[in-house]
1. Heavy-atom accessible area per residue, the chain, 1.4 Å probe: how many Å²?
2. Which aspartates and glutamates have a Cα lying under 14 Å from the Cα of Lys43, excluding residues fewer than 8 positions away in the same chain?
3. Indicate the gyration tensor shape class of the range 1-66 (rounded, prolate or oblate), computed on the Cα atoms with a ≥ b ≥ c the square roots of the eigenvalues: a/c under 1.5 is rounded; otherwise a/b larger than b/c is prolate and the rest oblate.
4. Students often check this: by mean Cβ neighbours within 10 Å, which of 38-51, 56-69 ranks highest, and how do the rest follow?
5. Can you list the aspartates and glutamates whose alpha carbon is less than 20 Å from that of Lys108, not counting same-chain residues fewer than 8 positions off?
6. Apply 1/(1 + (r/R0)^6) to the Cβ-Cβ distance of Leu11 and Asp62, taking R0 = 22 Å, and write down the FRET efficiency to the nearest 0.05.
7. Report, in deg cm²/dmol and to the nearest 500, the calculated mean residue ellipticity at 222 nm for the chain, where each DSSP H run with n ≥ 4 adds -39500 (n - 2.57) and the sum is divided by the residue count.
8. Carbon and sulfur: what percent of the chain's accessible surface (1.4 Å probe)?
Amino acid sequence: QVQLVESGGGLVQAGGSLRLSCATSGRTFSNYAMGWFRQAPGKEREFVAAINWSGGTTSYADSVKGRFTISRDNAKNTVYLQMNSLKPEDTAVYYCAADTHRTVVAGKANYWGQGTQVTVSS
């Protein structure tokens with residue numbers, strides 16, 4: 001089992017920045033690819049970003065490319081999502097996920113956190 005706990009969400013004005021963290025425990029963190037997803041009210045959950053076990057490969061949704069950066073620190077068992085130039089449409093609950101890279105990107109990861117709310121005001 002892998003336990004995931006997100007933090008760092010909050011209220012920010014448009015154009016501002018936030019950094020989300022996802023701390024993991026349980027099985028070896030470096031064995032897993034990690035990802036971030038988000039779900040806005042009334043909408044389906046959508047992929048945001050993913051990173052492979054070493055951090056050498058990353059992928060992003062088109063809507064966040066150039067604004068968000070995913071990174072990981074295997075020594076701290078933590079994955080991060082740096083969010084810059086935030087827009088009101090980024091408002092959502094953000095979830096981290098862990099599994100193989102393919103299943104994470106497909107949104108079919110076996111392990112998920114409880115989510116952290118991000119609200120961007122206009």
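1. Using a 1.4 Å probe on heavy atoms only, each residue of the chain averages 51 Å².
2. Straight-line reach from Lys43, under 14 Å: Glu89, Asp90.
3. prolate
4. Those peptides, ordered most packed to least, come out 38-51, 56-69.
5. The reachable aspartates and glutamates, counting only those whose Cα sits under 20 Å from Lys108, are Glu6, Glu44, Glu46, Asp62, Asp99.
6. 0.30
7. Working: 1 runs with 5 residues, N = 122.
For the chain, the value works out to -1000 deg cm²/dmol.
8. On the way: 2860 of 6190 Å².
Whole-percent figure for carbon plus sulfur exposure: 46.
The values are calculated or read from the model by the stated rules, or taken from the named source; none is laboratory data. Predicted model only: the values in this text are computed from it and were never measured. A quick note on method: Cβ atoms are made from the backbone with ideal geometry, for glycine too, and the neighbour counts reach across all protein chains shown. These accessible areas exclude ligands, DNA and RNA; they are computed on the full protein's heavy atoms, side chains included. Shrake-Rupley method; radii C 1.70, N 1.55, O 1.52, S 1.80 Å.
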